[in-house]
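Accompanying notes for the structure given below.
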Amino acid sequence: MTLNMGPQHPSTHGVLRVVLELDGETVLKAKPIIGYLHTGMEKQAEYKTYTQSIPQTDRMDYLAPLSNNLGLCLSAEKLLDITAPERVQAIRVLLCELTRISAHCVWLGTHALDIGAMTVFFYCFREREKVLSIYDMVCGARMTASYFRVGGLASDIPDGFLEKCEKFVDEMPAHADEYETLLSKNPIWLARLQGVAPLTPAQALAFGATGPTLRGSGVSWDLRRDQPYCNYEQYEFEVPLGKSGGDAYDRYLVRIAEIRQSTRIAKQAIQKVRAMGARGEYRLRDYKYVLPPKEEVKTSMEALIHHFKIVAHGFFPPVGEAYAPIEAPKGELGFYLVSDGTPRPWRMKVRAPSFVNLQTLASMVEGRLVADVITAIGSLDIVLGEIDR
């Protein structure tokens, strides 16, 4: 029997089709089919300035908007050969690690809900709500933050921001303990995850999997450590790895451990920002690329001219190309930009982790039961905005 399966996972939105060839309840073949919701973001970028494309990256992965903002900004900064101030780097790290915690909470809550565990969903969304309130405080938006800019941030962090972040990261380890108490030794959870949807290290590497999907298979690769950006080499953290053959349970344990490690990194980032001043430099002082402060625009003709040029036309990067990868919550996210010297990219190509990680699905489920397909898709943590970009 051939069966069209789905949607059964929140991030698939009814546009991920998985064609299953079945013998009874055993999956003989699985074929993921995508492309039913193509947003055309890469093509749209050719008609927008670099800054105008930043809000689109929020929609690409709405569970990790600031990580996607960072990927585009770092690629544009590489193209321009500029580096944001050290204080900006620390704020970016802090917000991206809070984003990782939030994204993993959504993954865990929805994954548990797929398998029938309802309580964890409410607990995880309780923590996500706190991260969204931090977004709201810093930029006025809850989901589509669009806070990072090429060369810096849209504005400085507000008073009380560090204290709010500190309160959250101090509370988070106890919440991770709650998740594990509910799930890690739960017999139903173990039966649905252990030995289900295995992915060997060789398979993970062959498919190009990244993030928790790759590390769940025991492959030690994390861009924050192995190709550091935003001064990640200055932070102390560990890279969790799976130890049981790369099954769905391994991927669960890796993400829980990553929540703890992100909390650890966020604490260090808070201390860094505090040491450099709760108020301070939040963007590069090179007004060919970055908007000058409003105070200077009101008093300086040169600043007014720079403001007008950037708002009306955008900045003009040199002819060339740049690729900047980051370790997003779902894996390696990279933006490849090609410049022809105009204010708009000649080409933008996104290396989205969900798109690549979805390729592993067939190898995980063939020869297994239909119910295991639900576990496999949930354990991959895919979001369709990254696939149909």
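The values are calculated or read from the model by the stated rules, or taken from the named source; none is laboratory data. Quick caveat, the model's predicted, so the values are computed rather than measured. Using ideal geometry, Cβ is built from the backbone for each residue, glycine included, and neighbour counts are taken over all protein chains shown. When the accessible area is computed, the model is the full protein with side chains, heavy atoms only, and any ligands, DNA or RNA have been set aside. Shrake-Rupley method; radii C 1.70, N 1.55, O 1.52, S 1.80 Å.
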Output needed: percent of Cα pairs per 5 Å distance bin for the stretch 1-86, bins running from 0 to the one holding the longest distance.
3, 12, 15, 16, 13, 11, 9, 8, 7, 4, 2, 1
Once you place label points 7 Å from the Cα toward the Cβ at Glu236 and Ala141, how far apart are they in nm?
3.7
From the Cα trace of the stretch 300-389, what convex hull volume per residue do you get, rounded to a whole Å³?
128
When all C-alpha to C-alpha distances in the stretch 156-211 are sorted into bins of 5 Å, what percent of pairs does each bin hold, rounded to whole numbers?
4, 14, 11, 11, 12, 15, 13, 10, 8, 3
Within the stretch 175-313, count lysine pairs with alpha carbon atoms under 30 angstrom apart where the residues are 8 or more positions apart or belong to different chains.
9
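So how do 30-43, 337-350 stack up, highest first, on mean other-Cβ count within 10 Å?
Per-residue mean Cβ counts within 10 Å order the peptides as 337-350, 30-43.
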Sequence ranges 71-83, 372-384, ranked by mean other-Cβ count within 10 angstrom, highest first:
372-384, 71-83
Output the 0 to 90 degree angle, nearest 10, between the alpha-carbon long axis of helix 248-276 and the longest principal axis computed from the alpha carbons of the chain.
20
Report the full-extension gain for the segment Ser244 to Phe316: residue separation times 0.36 nm, less the Cα-Cα distance, to one decimal in nm.
20.9 nm
Can you find, among Ser244, Ala371, Gly35, the residue sitting farthest towards the positive end of the charge dipole of the chain, where Lys and Arg contribute +1 and Asp and Glu -1 at Cβ?
Gly35
Rg ratio (alpha-carbon, reference 2.2 N^0.38 Å) - the chain:
1.01
Viscosity 0.890 mPa s, temperature 25 °C: what is the translational diffusion coefficient of the stretch 1-147 from Stokes-Einstein with a Kirkwood Rh over Cα pairs, rounded to a whole number of µm²/s?
138
On C-alpha positions alone, give me the angle between the axis of helix 86-115 and the longest principal axis of the chain, in degrees, nearest 10.
20
When the charge dipole of the chain is computed with +1 on Lys and Arg Cβ and -1 on Asp and Glu Cβ about the Cα centre, the Cα farthest towards its positive end, among Met5, Phe161, Ile382, belongs to Phe161
Sort all Cα-Cα distances of the stretch 202-310 into consecutive 5 angstrom bins from zero, then give the percent of pairs in each bin up to the one containing the longest distance.
2, 11, 14, 13, 11, 10, 9, 9, 8, 6, 4, 2, 0
Of all alpha-carbon pairs in the stretch 81-145, indicate the percentage at a distance above 14 angstrom.
63
Under a Cβ-only charge scheme (Lys and Arg +1, Asp and Glu -1), can you give me the dipole magnitude of the chain about the Cα centre, in debye to the nearest 20?
560
Return the sequence-ordered ³J(HN,Hα) values of the stretch 39-48 in whole Hz as given by the Karplus equation 6.51 cos²θ - 1.76 cosθ + 1.60 applied to θ = phi - 60°, using x for Gly and Pro.
7, x, 5, 5, 6, 4, 4, 5, 10, 10
What's the FRET efficiency of Lys164 with Met118 using the Cβ-Cβ distance as r and R₀ = 30 Å, to the nearest 0.05?
0.55
Provide the solvent-accessible area of Lys29, counting protein heavy atoms only and rolling a 1.4 Å probe, rounded to the nearest 10 Å².
110
Using alpha carbon centroids, what distance separates the stretch 15-55 and the stretch 148-198, in Å?
27
Tilt, helix 370-380 to longest principal axis of the chain (alpha-carbon atoms), in degrees rounded to tens, equals 20
Gyration tensor (Cα only) of the stretch 133-173 to equivalent ellipsoid, semi-axes in Å sorted down, yields 20, 11, 9
The correct ranking of Lys130, Lys298 by accessible area at 1.4 Å, largest first, is Lys298, Lys130
For the stretch 208-244 and the stretch 325-349, write down the distance between their C-alpha centroids in whole Å.
21
